[in-house]
Amino acid sequence: MWSILKKTMIFFIITIILSGCWPNVERNKKNLFRIDNFQVKITQYPLPEGFFRPLWIGGTTVFAQQGQDYPKKFISLYESKDLKNYNLVVQFPNQFGQFFINPKNNKEIYFISYTGEQGVYKSKDGGKWHKIFQGKVEKIIFDPKSPDTYYLIQNKEPIGVKVYISRDGGEHWNFKFSVQEIFYATQLFINPLNEKQIYITARNGLWESLDGGKHWQNVFLDGEPRGIAFDPVDLKNLYFIDGRGLYRLREGKIEEVKLPAIHQEEEILGIIGRDDTKKIFVLTLKEINKSHYEISLYQIYENKAKIVASLEHSERILEEIIFDSENPNNLYIFSYKNLFKITLK
């Protein structure tokens, strides 16, 4: 009798192990190999075929851009109300570019055309569009504190960058500043409490201005920064990544922040911070083989990092983290095939 009972217990334990028993984790997709639960819940949602890339998420509403780098035939914007079904909002045929959603008003949509009729287009409903800026533009940046203040980055050939500013929601633009030494700017960041403190990431490093763009210095020459996050607890701290490492810039000094158990071949993909939660997160990716990746999410606090979530998957995660604009406990990462919601506890 005892032998039968022991065998039954062993069989039961093996069944649990093989079936997977991570609490608070949904595992309904066959290509999800493993999730390590660190006080989070991870939910996977399929994306439609055709290079869909989420741009803005609030609750169950998603805006996603569809288009591929080559051939550059068209660009489309889709909206989902349930994280599952996507409907076309607008398509720009014979043009290629990037959509931007106002983070404070998702009814306000912008499109930067990189080909054809280059410039910036604006819509308040996704249906009617009008051109608000003529010429080649790289990015539009929304001021973190002033809701009607926007910036445009315009890269010059072969080197140099111009920045324009609008204080009326993008209807009128004025020249703000230029930096001749910057080579191909990718993003602009403004201190939420001090608009004179500006940073630009570029292919030739991280650039800093402390006087509103009048004077600039290159504070990081060793790599190409991919992202920046101001410390919401202490805005004197600026964290940034370059693919190889995580760094803190404080009062002109840079130091590397070590991520626990990170491997040399692990790539640092993205970084994001949120004021209302006072948290910063960093996303990393390690390629185990061509169809097997390990993705890890870290939280940064007091110049230290702790791992929040880790999963293994068959798809490469893209270089972006999106916060849920309605729920500060939700953030999203994604591949071209799936969207992953990470619910923090």
**Asked** Could you say whether any residue in region 100-116 is in contact with a Gly (Cβ under 9 Å, 6 or more places away or on another chain), modelled with pLDDT under 95 and of a type in the set (A, V, I, L, M, F, W, C)?
**Response** no
**Asked** Out of K145, K131, which single residue is touching a Leu at 6+ places or on another chain (Cβ under 9 Å) and either surrounded by fewer than 19 Cβ atoms within 10 Å (Cβ to Cβ) or aliphatic (A, V, I, L, M) (or both)?
**Response** K145
**Fill in**
Exception for F96 within (1) at pLDDT 95 or above; (2) under 21 Å from the mean Cα position of the chain (by Cα) falls at (1)
**Which numbered condition E138 fails, given (1) surrounded by 20 or more Cβ atoms within 10 Å (Cβ to Cβ); (2) in contact (Cβ under 8 Å) with a residue 40 or more places away in the chain** = (1)
**Asked** Looking at V233, V137, which one is farther than 26 Å from I268 by Cβ, within 21 Å of the chain's Cα centre (by Cα) and β-branched (V, I, T)?
**Response** V137
**Asked** Considering only region 159-205, how many residues are outside any strand (DSSP E or B) and either closer than 24 Å to S123 by Cα or in contact (Cβ under 8 Å) with a residue 24 or more places away in the chain (or both)?
**Response** 14
**Request:** Taking the options S296, S310, name whichever one is touching a Lys or Arg at 6+ places or on another chain (Cβ under 9 Å), in a strand (DSSP E or B) and within 30 Å of N106 (Cβ to Cβ).
**Result:** S296
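How many residues, within region 93-119, are part of a loop (DSSP other than H, G, I, E, B) and among the polar types (S, T, N, Q)?
Number of matching residues: 4.
The rows are residues; the columns are (1) over 20 Å from I140 (Cβ atoms); (2) at pLDDT 95 or above; (3) under 21 Å from the mean Cα position of the chain (by Cα); (4) surrounded by fewer than 19 Cβ atoms within 10 Å (Cβ to Cβ).
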| position | (1), (2), (3), (4) |
| --- | --- |
| T43 | yes, no, yes, yes |
| I57 | no, yes, yes, no |
| T61 | yes, yes, yes, yes |
| Y70 | yes, no, no, yes |
| L77 | no, yes, yes, no |
**Asked** Of L188, L221, L206, L238, which residue is exposed (fewer than 15 other Cβ atoms within 10 Å of the Cβ) and of a type outside the set (S, T, Y)?
**Response** L221
**Request:** Test each condition in (1) over 22 Å from I300 (Cα atoms); (2) at pLDDT below 90; (3) not acidic (D, E) for P192 and report the one that comes out false.
**Result:** (1)
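The values are calculated or read from the model by the stated rules, or taken from the named source; none is laboratory data. Treat the numbers as computed from the prediction; the structure is a model and nothing was measured. Using ideal geometry, Cβ is built from the backbone for each residue, glycine included, and neighbour counts are taken over all protein chains shown.
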